[in-house]
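Undergrad: Let me begin by handing over the structure; questions about it come next.
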Protein chains: 4
Amino acid sequence: MKAARLYEYDPAMNVKLRIEDIPAPTITRPDEVIVKVGAAGLCRTDLHIIEGVWQGIMDPHGALLPYVMGHENAGWVEDVGSAVTSVKPGDAVICHPLRTCGICLNCHHGHDMHCEHSQFPGLGLNGGFAEYFLTNERSLIKLNTNIAPLDVAPMADAGITAYRAAKRAAKMLPPGSYCAVLGVGGLGHIALQVLREMSGCRTIAIDREPGARVLAKELGADHVLDGGPNLIEELKSITGGGAHVVIDFVGELGVENICWRLLRKGGEVIVVGYGGTIEVPTLDLVANEIKIGGSLVGDYTELVELMELNADGKVKMHYTQYKLDDINTAIDDFKNRRFTGRGVIVP
Amino acid sequence: MKAARLYEYDPAMNVKLRIEDIPAPTITRPDEVIVKVGAAGLCRTDLHIIEGVWQGIMDPHGALLPYVMGHENAGWVEDVGSAVTSVKPGDAVICHPLRTCGICLNCHHGHDMHCEHSQFPGLGLNGGFAEYFLTNERSLIKLNTNIAPLDVAPMADAGITAYRAAKRAAKMLPPGSYCAVLGVGGLGHIALQVLREMSGCRTIAIDREPGARVLAKELGADHVLDGGPNLIEELKSITGGGAHVVIDFVGELGVENICWRLLRKGGEVIVVGYGGTIEVPTLDLVANEIKIGGSLVGDYTELVELMELNADGKVKMHYTQYKLDDINTAIDDFKNRRFTGRGVIVP
Amino acid sequence: MKAARLYEYDPAMNVKLRIEDIPAPTITRPDEVIVKVGAAGLCRTDLHIIEGVWQGIMDPHGALLPYVMGHENAGWVEDVGSAVTSVKPGDAVICHPLRTCGICLNCHHGHDMHCEHSQFPGLGLNGGFAEYFLTNERSLIKLNTNIAPLDVAPMADAGITAYRAAKRAAKMLPPGSYCAVLGVGGLGHIALQVLREMSGCRTIAIDREPGARVLAKELGADHVLDGGPNLIEELKSITGGGAHVVIDFVGELGVENICWRLLRKGGEVIVVGYGGTIEVPTLDLVANEIKIGGSLVGDYTELVELMELNADGKVKMHYTQYKLDDINTAIDDFKNRRFTGRGVIVP
Amino acid sequence: MKAARLYEYDPAMNVKLRIEDIPAPTITRPDEVIVKVGAAGLCRTDLHIIEGVWQGIMDPHGALLPYVMGHENAGWVEDVGSAVTSVKPGDAVICHPLRTCGICLNCHHGHDMHCEHSQFPGLGLNGGFAEYFLTNERSLIKLNTNIAPLDVAPMADAGITAYRAAKRAAKMLPPGSYCAVLGVGGLGHIALQVLREMSGCRTIAIDREPGARVLAKELGADHVLDGGPNLIEELKSITGGGAHVVIDFVGELGVENICWRLLRKGGEVIVVGYGGTIEVPTLDLVANEIKIGGSLVGDYTELVELMELNADGKVKMHYTQYKLDDINTAIDDFKNRRFTGRGVIVP
Ligand SMILES: [Zn+2]
Ligand SMILES: [Zn+2]
Ligand SMILES: [Zn+2]
Ligand SMILES: [Zn+2]
Ligand SMILES: [Zn+2]
Ligand SMILES: [Zn+2]
Ligand SMILES: [Zn+2]
Ligand SMILES: [Zn+2]
Ligand SMILES: [Zn+2]
Ligand SMILES: [Zn+2]
């Protein structure tokens, strides 16, 4: 099958994936499923992988390369192991990014990201920038009628990460309250839609890029700011004292120490982006009774919920499509932020 | 001032309110406020008062009549007691229906309806079917700019009762779930809007009246049913096994024993309407793990939240306007369901 | 192996289980596990099975008998299927009563009792009143060091059913509040201990049997009542207006219509026992804003939590031990309430 | 009346309060109450006041001194304003530290600490290191029968601050989970008791002082550590990977950057002590999905709940008693940590 493979890590990112013909994956365990890839989202994590950021975690012995990236996958079931009963060849599916065990206590709780025996196709093993891709039955969700893999693939990671943060925010946001969203990219534009649909709050979208601000406005943000030097004052003026919740999709470049200064008393920052270091006096935490907490990729059940919102036409992925042969162009456009929303690779 | 007063209870409702000139209320305590009535909602409770249903509770000694009904009031502050600081004459306000003490433990919890020393203008003392009306500072909410008392008066009771139930429902309704709303009158049509704005669920509106069903459709109900003899089958077919939440705004006429049969496993009925008696085998409760619970008038803070949704244009009261002189016509139209939404009296 | 089998249903319960030698179960699927039974709890459900109450559900084609009852099992792993990795022969384990699929949406949520493909050993297939018993890996919890199967077996169903109800209650019970527990048998005596450990509330235990009341007192109940004709008045006097939560482990014999009358405003009944029919006016539900809801067997994760409480010495099962050969005596003693707590069968 | 007054701020704390005879407070508003002080807790905040830490906030114009500190007060009602109905002279009471307005939105929510018009006797106006003290009706809670003001005074601030944090922790702590408590002083020793009563978790108490560790053990801590250089390793070993919740009563001296390193994945730090600055990489927050949040003084309703626990004998204040004449000795002993628990001043 055709696949794009990474051959070396390079912090400067002066490497290209090679488009090659390699053997398709085969089933070796009764719970496995092979998916014919319909589309695979391109993720900032893929850039970090190329840079070598994840090398220590996913490739500690240096034995992984060459391998196939791609962890935001949707497509059609091609083949199933002997114990699989919930899907059959031809079914259109989206894949939760983790292959979980279903046995450990975290799996019993539904905390997929903390499964003690999980695998992450596209990180430590081959993923979806290829024609076929191997996962297990527990990771699959059948698509609703009339939903195409191409339209939803990045929901598998970018979508549920944004959904998990926005759903947590929505629970703290009664009508009349304010939610600030820092960064309106592949995740932020999903969060804005989820907040619009699941909360009576007012949203304030903040991004340095004019194109992202236009998109935020189209998606119903109540206020759109450019994140300039007066951001804190502007936001406190709009909100009458600060936001009730801030979702920080940036987490670096100084944003990590602006985010919590945007809160009102009793407010909470949900941190999704990473890279920087937060420095916060305990006096500010206590006197204002504010909270700062991280949010990871969403659970399987959260992907199910997001797909329902999508099937109802309430939340859509904004994307730009690239052929698998053009994946290096897609990566270059992503680095330079030449598209809004998400880039999607189609084999 | 001009006022409409009730002179006798009559289960057959063959009585008319008398439009009279009576002395306007005056301030006798430092926390009191006189409101010039802008509009007062007409409520099913008013019909029950005339029928004598509330006589034992609000008029145990038979000393109340003649008196002024009207407990869903909005208008402008006319005069304030010596200790009042948060409002001043001329301010446009809506009035939470209860005058609460602010001292008892329930008040400290914000559970206004359970205040141990509350008064209920329009029930046990004079209300708002008049030019002026007496309440206290704790019951008042200033209206947002550009909001007219006429457009919101019934929010003070019908609105927050629906809001409280719908907000409780929304917390149990993830995307893809179903909420059935039984009865699309003055309360139900608000609940549909609140669910649309605060939850990613799908709504099923049920009403015998064609006009109510048209209104439900306009307000965004995903499904609209006429509540015929096949209701349970129809709803189970739409929902794939039953609703996750049912809000019963009827609570009588047999609906009270249909409502819980509409649930799926793990579901919950929120009962707002009353009159009938629910008969449910404990085996059904346990085997299906369902819940049935009542919901009362909303708290002050819930009225604040509802007014924010209204100010944002997200939830609107659908109403028909009557002059105070025509209040008996309004009552007659209400009894015969000649209008959808709510009837509102303007002095 | 030695096993006790049921040969016929009899509403009058004039039948005895036959102690026989039958083939031990064998593994046929990769996720299966054979457990050498250490002990098996005797449950009211077993009496209902003999009476034929469950016949329509668990034996619709009349092909089940003779079969082995027993769904509250603990013991030691004897053999494991090829895919099993989390337990090995010799491990001491307790068994969640359901064999769940791990694939359906309810399993992903951790709602074991609503698994779409579950099996219930001891109901529709052979259970634990025998030397060996067949289940699957997902149902097993390893026992903490020094915990013997005999001491915990009924935790597998009686325990977690009580735990689930008591944990739900505890969330609604701040310090100074009251929880009434109706029925202090195999379930109620566990609930009292859980409430003592996980809530700052005061408990009121109610039982007609003197022995059960003595046990309640030993377990720390703050008040113990005999459930006589003045129960409602007694309880309202103790609590100053009614209980905040009532857990009804009876659910029949008239208790089902006393339980909700014991509540104060805003209170909730958790129904665990069944058999009767609740009749409650919607006016009572609404005016008092009370809730009535069923509670089923607990989830796997709840059994894990209960076993931690047990390992910490905080919650203990009170039981009487019978040999498998004496199982018919145990059943007779249970019917006539000749022991407090639970009866346990040891092969 | 006799009172202890502060005459100057001094960062080195080389000042003494002067014991003087000054006029007793009088009632000037209808909702005011004069309390005859039974006892007043000595708080770390009092030390900070003397040092001048609060000068900018509570004494911006330099017009406050000399004044009476003391914000943790209990005693007996001496006199009441004309509108007061819930207490009468002679009633034993404890005083929530804030005089709140009861009118603003935060008061309606029960968020006392965020009242927009609050006063804080003992900080910006005279407090309870005196024979009499002025507050308002909304701040008072009647003591349960047989409870003496002396035994509970520090509950008014130290107690509810610890209770608020521990109650929030308890909601996140199922059986088998671990809660680390950093600092077993006036607050920490209350938190340990609250956790023991309201949660099925295991507690790990950490303090550098041997006396505090002895007290922790007496109060039922499951593990007691001395907070030495191997704290993180010791705690991770005990807990199998980290605590589910950490309550940091220190918040300075380096503890603020140890606290969050004690967490397991999904865990939360509740910060109560302050002074230091937390430095946490966003990557740690996100990858481990941990939260860090401040907790302030508890609400009125939390003080009610804590007094119920105290009345039930479940939570007791450990204290050392000083006469008002000896207040400077008490301050000196407190600075040098010569007592465990709390110091209490008796007029
Ligand atoms: Zn991704
Ligand atoms: Zn797992
Ligand atoms: Zn919406
Ligand atoms: Zn009304
Ligand atoms: Zn009150
Ligand atoms: Zn059982
Ligand atoms: Zn399942
Ligand atoms: Zn203090
Ligand atoms: Zn206030
Ligand atoms: Zn306890």
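Undergrad: Report, to the nearest 10°, how far helix A:188-198 tilts away from the longest principal axis of the Cα atoms in chain A, using its own Cα long axis and a range of 0 to 90°.
TA: Relative to chain A, helix A:188-198 is tipped by roughly 70 degrees.
Undergrad: Still on this structure: Which one, A:GLY251, A:GLY56, A:GLY159, has the greatest fluctuation when you compute a Gaussian network model over chain A with C-alpha springs under 10 angstrom?
TA: Largest GNM mean-square fluctuation: A:GLY56.
Undergrad: Specify, per residue and in Å³, the volume enclosed by the convex hull of the alpha carbon atoms belonging to the range C:198-276.
TA: So the per-residue hull volume is 97 Å³.
Undergrad: A further question follows. Calculate the dipole size of the range B:159-294 relative to its Cα centre from +1 charges on Lys and Arg beta carbons and -1 charges on Asp and Glu beta carbons; express the result in debye to the nearest 20.
TA: 460
Undergrad: What average count of beta carbons from other chains do you get within 10 Å of the Cβ of residues in B:268-279? Don't skip to the end; give the middle numbers.
TA: Working: counts 2, 4, 3, 9, 3, 3, 7, 4, 3, 6, 8, 4.
Across the residues of B:268-279, the mean count of other-chain Cβ atoms within 10 Å is 5.
Undergrad: Assigning unit charges at the beta carbon (Lys, Arg +1; Asp, Glu -1) and nothing else, what dipole magnitude in debye, to the nearest 20, does chain C show about its Cα centre? It would help to have the intermediate numbers written out before the result.
TA: Numbers: 32 positive and 43 negative charges, 135 e Å.
Charge dipole of chain C: 640 debye, to the nearest 20.
Undergrad: Suppose only helical runs count, i.e. DSSP H with n ≥ 4. What mean residue ellipticity at 222 nm does that imply for chain A under -39500 (n - 2.57) per run, divided by all residues and rounded to the nearest 500 deg cm²/dmol?
TA: The per-residue figure over chain A is -7000 deg cm²/dmol.
Undergrad: To continue, here is another question. Rounded to the nearest 10 degrees, what's the angle between the helix A:158-170 long axis and the longest principal axis of chain A, both from Cα atoms, 0 to 90?
TA: 30
Undergrad: Here's another thing I want to ask about it. How big is the Cα convex hull of the range D:84-202 in projection, averaged over all directions, in nm²?
TA: Its average projected convex-hull area is 9.2 nm².
Undergrad: Could you give log10 I(q)/I(0) at q = 0.14, 0.19, 0.27, 0.28 Å⁻¹ for the range B:287-347, computed by the Debye formula over C-alpha point scatterers of equal weight, without solvent?
TA: -0.66, -0.90, -1.01, -1.03
Undergrad: Roughly how many Å² of D:GLU8 are accessible to a 1.4 Å probe, to the nearest 10?
TA: My reading of the accessible area for D:GLU8 is about 110 Å².
Undergrad: With r as the distance between the Cβ atoms of A:ARG208 and A:THR28 and R0 = 35 Å, compute the FRET efficiency 1/(1 + (r/R0)^6) and round to 0.05.
TA: Once rounded, the FRET efficiency stands at 0.15.
Undergrad: Enter the mean number of other protein chain beta carbons within 10 Å of the beta carbon of each residue in A:291-299, as an integer.
TA: Mean number of neighbouring Cβ atoms from other chains: 6.
Undergrad: Follow-up question, since we're still on this one. Considering only D:GLY176, D:GLY242, D:GLY273, give the residue with the highest GNM mean-square fluctuation for chain D, with springs between Cα atoms whenever their separation is below 10 Å.
TA: D:GLY176
Undergrad: Using alpha carbons only, how many angstrom separate the centre of the range B:16-39 from the centre of the range B:159-205?
TA: 35
Undergrad: What does the charge dipole of the protein assembly as shown about its Cα centre add up to, to the nearest 20 debye, if the Cβ of each Lys and Arg holds +1 and the Cβ of each Asp and Glu holds -1?
TA: The dipole of the protein assembly as shown has a size of about 0 debye.
Undergrad: Loop only by DSSP, 13 or fewer other Cβ within 10 Å of the Cβ. Give me the GluC sites (Glu not before Pro) in the range C:110-145 that pass, ordered by residue number.
TA: Values: sites: C:GLU116, C:GLU131, C:GLU137; in loops: C:GLU116, C:GLU131.
Here the sparse-neighbourhood loop sites are C:GLU116.
Undergrad: Moving on to the next point. List the trypsin sites (Lys or Arg not before Pro) in the range C:97-194 that DSSP assigns to loop (not H, G, I, E or B) and whose Cβ has at most 13 other Cβ atoms within 10 Å. Which are they?
TA: C:LYS171
Undergrad: Now for a different question. Across the residues of A:308-318, average count of Cβ atoms on other protein chains within 10 Å? Walk me through the intermediate numbers first.
TA: Values: counts 7, 4, 1, 2, 6, 0, 2, 2, 0, 0, 0.
Counting other chains' Cβ atoms within 10 Å and averaging over A:308-318 gives 2.
Undergrad: Please state, rounded to one decimal and in Å, the Kirkwood hydrodynamic radius that the range A:235-280 gives when every pair of distinct Cα atoms enters the mean of 1/r.
TA: Averaging 1/r across every pair of different Cα atoms and inverting gives 10.6 Å.
Undergrad: Right, next: Taking only the C-alpha atoms, wrap a convex hull around the range B:1-87 and report its volume per residue in Å³ as a whole number.
TA: 118
Undergrad: State the volume of the convex hull built on the alpha-carbon positions of the protein assembly as shown, expressed per residue in Å³ and rounded to an integer. Walk me through the numbers on the way to the answer.
TA: On the way: hull volume 251.3 nm³, N = 1388.
About 181 Å³ per residue, rounded to a whole number.
Undergrad: Here's another thing I want to ask about it. Extending each Cα 7 Å along its Cβ direction at B:HIS117 and B:ASN14, get the distance between those two points in nm, one decimal.
TA: Placing both labels 7 Å along Cα→Cβ, they lie 4.5 nm apart.
Undergrad: What does the convex hull of the alpha-carbon atoms of the range B:159-294 project to on average, in nm²?
TA: Hull-based average projected area comes out at 7.1 nm².
Undergrad: I would also like to ask the following. With a 1.4 Å probe and every protein chain kept in, tell me what percent of the accessible surface of the range A:197-246 is carbon plus sulfur.
TA: 49
Undergrad: While we're on this one: Heavy atoms of the protein only, probe of 1.4 Å, neighbouring chains included. What is the accessible area of B:LYS217 in Å², nearest 10?
TA: So the heavy atoms of B:LYS217 present about 120 Å² to solvent.
Undergrad: May I ask for the equivalent-ellipsoid semi-axes of chain C, computed as the square root of five times each C-alpha gyration tensor eigenvalue and listed largest first in whole Å?
TA: Listed largest to smallest, the semi-axes of chain C are 35, 22, 19 Å.
The values are calculated or read from the model by the stated rules, or taken from the named source; none is laboratory data. Remember, predicted model here, so these are calculated numbers, not experimental data. Neighbour counts run over all protein chains shown; Cβ positions are idealised from the backbone, glycine included. Only protein heavy atoms, including side chains, enter the accessible area calculation; ligands, DNA and RNA are left aside. Shrake-Rupley method; radii C 1.70, N 1.55, O 1.52, S 1.80 Å.
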